[in-house]
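Novice: Pasting a structure below so you can have a look.
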Amino acid sequence: MTIVIAQNQPGPLPLKIPFTAPITGDVTIAFSGSCWSSTASNPGGVEVFLDGKSLGKALLFFNAPNMHQALPTQIFAVNLGEGQHTITLQALSSTVLSDRNDFFSLWIVD
């Protein structure tokens, strides 16, 4: 079963995405998105937080500046409690940027 938390949510970062857990226990949260770097030869990406705790990072090396790039899809194992939760997406540095042309999706995969 796949449950959509956010589908093609436009940037810019940071984004806070509240949701109510439709299921609880051990689940997988999947993330995809895009961003860009203001400088060339720059590592960067997005960090994903669930209720303030880091789940992990989607990392990418940006060879060219100012070019929107798809981040690698990331899968995070979590123990999801009942009720309201918030996923926060945050750029890893001040040179990693996103705007209304960047989109982010999150799913619970059970």
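Novice: Quick one: would you say ALA70 is of a type outside the set (Phe, Trp, Tyr) and either at pLDDT below 95 or crowded, with 17+ Cβ neighbours inside 10 Å (or both)?
Specialist: no
Novice: Within the group THR86, THR20, THR24, THR2, which residue is touching a Gly at 6+ places or on another chain (Cβ under 9 Å), surrounded by fewer than 13 Cβ atoms within 10 Å (Cβ to Cβ), of a type outside the set (Lys, Arg) and at pLDDT below 95?
Specialist: THR24
Novice: While we're looking at this one, here's another question. Taking the condition surrounded by 18 or more Cβ atoms within 10 Å (Cβ to Cβ) and among the aromatic types (Phe, Trp, Tyr), does PHE49 pass?
Specialist: no
Novice: Six or more apart or on different chains, Cβ under 6 Å: which pairs go from a residue in the range 67-95 that's more than 12 Å from SER32 (Cβ to Cβ) to one that's of a type in the set (Phe, Trp, Tyr)? Could you list them?
Specialist: MET67/TRP36; HIS68/TRP36; HIS85/PHE19; THR88/PHE49
Novice: Checking ILE87 against (1) under 14 Å from ILE108 (Cβ atoms); (2) over 12 Å from the mean Cα position of the chain (by Cα), only one condition comes out false. Which one?
Specialist: Evaluating ILE87 over (1) under 14 Å from ILE108 (Cβ atoms); (2) over 12 Å from the mean Cα position of the chain (by Cα) leaves (2) as the failure.
Novice: Here is a follow-up. Of all residues in the range 92-110 being charged (D, E, K, R) and farther than 23 Å from PHE76 by Cβ, which is surrounded by the most Cβ atoms within 10 Å (Cβ to Cβ)?
Specialist: ASP99
Novice: Only residues that are touching a Ser or Thr at 6+ places or on another chain (Cβ under 8 Å) and closer than 17 Å to LEU15 by Cβ: list them for the range 76-100, please.
Specialist: Matches in the range 76-100: PHE76, GLN84, HIS85, ALA91, VAL96, LEU97, SER98.
The values are calculated or read from the model by the stated rules, or taken from the named source; none is laboratory data. Note that the structure is predicted; figures quoted are calculated from it, not measured. Don't worry about glycine lacking a Cβ; one is built from the backbone with ideal geometry, like all the others, and counts go over all protein chains shown.
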